Amino acid sequence: MCGIIGYVGPRECKAILLQGLERLEYRGYDSAGIALRETGGLDYIRAVGNLQQLKEVAGANGSKATHGLGHTRWATHGGVTERNAHPLEGCEGGRVAVVLNGIVENFRELRGNLQAEGHLFTSETDAEVVVHLVERHYDGDLGDAVSKAYAELEGHFAFVVIHHGHPDLLVGARHQCPLVVGVGEDEMYLASSIAAFL
Ligand code: GLU
């Protein structure tokens, strides 16, 4: 069980994501991370340990990103390492990333197939298959790629995907785990619990 939050809207989101993660921190203390959509690509900040460690690494840099993801992890598959901290990147790390809550039960089979197709995995997590599946199915329509990836997954999970080529979009999906949508003024959130918005 972990905490996930995504933001898309007009406001700079680094502080919003970190604040949302604070509210979700009770859901996982192993590691935490954020992905920010910067002009040149997705930028990642991850740290092992509680949220305080992430905040220290994230510092007060002046990110102007208005689109991003955050995660606090309770490791189920793969050790407690920075490499296994979410957001997890696809082969083209600057383009697409995922945060996931829950467990992908058929990840071994999916991982084997994706590796045979040439996908390079950088973590030991079950969750990383999701971002590679999205890459495999992506053909310009992120929603479509996520629904095709979703159809291949077994387990119980909720996840959110960000793609650098889609500045106004976050795509989430869930199966037996909660995922809530927050609607603000010209902005939207996706999170694993309403606590993230409080
Ligand atoms: N199964 C994922 C992992 O180990 C997510 C775990 C969670 O929900 O905390 O990275």
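Output the residue which, of all residues in the stretch 47-95 that are within 13 Å of the ligand (Cβ to nearest atom) and charged (D, E, K, R), is nearest to Ser193 (Cα to Cα).
The residue in question is Arg73.
Can you tell me which of (1) open to solvent by 40 Å² or more (accessible area, probe 1.4 Å); (2) without any contact (Cβ under 8 Å) to a residue 24 or more places away in the chain; (3) not in a loop (DSSP other than H, G, I, E, B) is the one Leu133 doesn't meet?
Answer for Leu133: the failing condition is (1).
I need the full set of residues from the stretch 36-63 which are assigned to a loop (DSSP other than H, G, I, E, B), open to solvent by 50 Å² or more (accessible area, probe 1.4 Å) and either within 18 Å of Thr81 (Cβ to Cβ) or touching a Leu at 6+ places or on another chain (Cβ under 9 Å) (or both), in order please.
Within the stretch 36-63, Asn50 is the sole residue that qualifies.
For the stretch 64-106, give me each residue that is open to solvent by 20 Å² or more (accessible area, probe 1.4 Å) and among the hydrophobic types (A, V, I, L, M, F, W, C).
Trp74, Ala75, Val80, Cys91, Ile103 - these are the residues of the stretch 64-106 that are open to solvent by 20 Å² or more (accessible area, probe 1.4 Å) and among the hydrophobic types (A, V, I, L, M, F, W, C).
Is one or more of the residues making up the stretch 137-146 closer than 22 Å to Arg46 by Cβ, away from the ligand (no atom under 13 Å from the Cβ) and under 17 Å from the mean Cα position of the chain (by Cα)?
No, every residue in the stretch 137-146 fails to be closer than 22 Å to Arg46 by Cβ, away from the ligand (no atom under 13 Å from the Cβ) and under 17 Å from the mean Cα position of the chain (by Cα).
Being within 9 Å of the ligand (Cβ to nearest atom) and hydroxyl-bearing (Ser, Thr, Tyr) is the filter; apply it to the stretch 101-131 and report the residue that is farthest from Ala158 (Cα to Cα).
Result: Ser123.
Would you list the strands (runs of 3 or more DSSP E) that sit entirely within the stretch 150-195 and hold 1 or more residues that are among the hydroxyl-bearing types (Ser, Thr, Tyr) and surrounded by 15 or more Cβ atoms within 10 Å (Cβ to Cβ)?
Output list reads 188-191.
Only one of (1) closer than 20 Å to Ala35 by Cβ; (2) of a type in the set (Gly, Ala, Ser); (3) part of a loop (DSSP other than H, G, I, E, B) fails for Gly102. Which number is that?
For Gly102, the exception is condition (3).
Any chance you could count how many residues in the stretch 168-191 are modelled with pLDDT of 95 or more and within 17 Å of Ala35 (Cα to Cα)?
8
Looking at (1) within 25 Å of Glu25 (Cβ to Cβ); (2) of a type in the set (D, E, K, R); (3) more than 15 Å from the chain's Cα centre (by Cα), which is the only condition Glu82 fails?
(3)
The values are calculated or read from the model by the stated rules, or taken from the named source; none is laboratory data. The model shown is predicted, which means the values in this text are computed figures rather than measured ones. Don't worry about glycine lacking a Cβ; one is built from the backbone with ideal geometry, like all the others, and counts go over all protein chains shown. The protein model used for the area step is the full one, side chains on, heavy atoms only, and it has no ligands, DNA or RNA in it. Shrake-Rupley method; radii C 1.70, N 1.55, O 1.52, S 1.80 Å.
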